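> I'd like to ask some things about the structure below.
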Amino acid sequence: MFDIVMLGLLALFVCAGVALVRRTRQRREAWASGMTAQARVVRAWAATRVVNNVAQRVQWHEYDYTTADGRAVRFKESGGPRDRATGHTVLVHYAPHAPERATASEPQPGKDMTTTVVWLAVMAACAIYLIHEWVELSRF
């Protein structure tokens, strides 16, 4: 059972890393495309999660916009500003071949890449520690 739990935790780290890199690439692709549109906030809500007995608030927004070729698109994004409410209009960046992967965040490729690298380093350190402990505890 112990081995299954450890493998599950390692798989969780890998999945989180892949998801982080995928979303970073999607945002960079949207910013690099140069395609923008005005979007309307259809829904705004906050989700609360508890990590180590500390409540963390995550702001979510759902947007509607129309691409340059006339397609209507709706997408959700987390981490937006708290004061962005339903009905507000914002500028979104999108890639023409994947408009559902748009972003309403302003282009900050340096900050985005730094954040991604730091989180990947933290997850890698946790995974290395987990493997170390797994090996040490398996000796008994």
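> Need one number: nm distance between label points at His88 and Arg139, each 7 Å from Cα along Cα→Cβ, rounded to one decimal.
Taking the two extended label points, one gets 5.5 nm.
> Next question. In square angstrom, rounded to the nearest 10, how much accessible surface does Trp134 have for a 1.4 Å probe?
50
> Express the accessible area of the chain per residue in Å², computed with a 1.4 Å probe while the remaining protein chains stay in the model.
Result: 66 Å² of accessible area for each residue.
> I need the shape label for segment 1-70. Rule: rounded when a/c is under 1.5, else prolate if a/b > b/c, else oblate, with a, b, c from the alpha carbon gyration tensor. Can you show the working numbers first?
On the way: a/c = 3.59, a/b = 1.70, b/c = 2.11.
The shape class here is oblate.
> Give me the percent of accessible area attributable to carbon and sulfur for segment 25-140, probe 1.4 angstrom.
Ligands and nucleic acids excluded, carbon and sulfur reach 56 percent.
> Also, quick follow-up: Nearest 20 debye, what's the magnitude of the dipole of the chain about its Cα centre given +1 on Lys and Arg Cβ and -1 on Asp and Glu Cβ? Write down the numbers at each step before the final one.
Working: 17 positive and 12 negative charges, 64 e Å.
Charge dipole of the chain: 300 debye, to the nearest 20.
The values are calculated or read from the model by the stated rules, or taken from the named source; none is laboratory data. All figures in this text were calculated on a predicted structure; none of them were measured in a lab. With ideal geometry, Cβ positions are generated from the backbone for all residues, glycine too; neighbour counts draw on all protein chains shown. When the accessible area is computed, the model is the full protein with side chains, heavy atoms only, and any ligands, DNA or RNA have been set aside. Shrake-Rupley method; radii C 1.70, N 1.55, O 1.52, S 1.80 Å.
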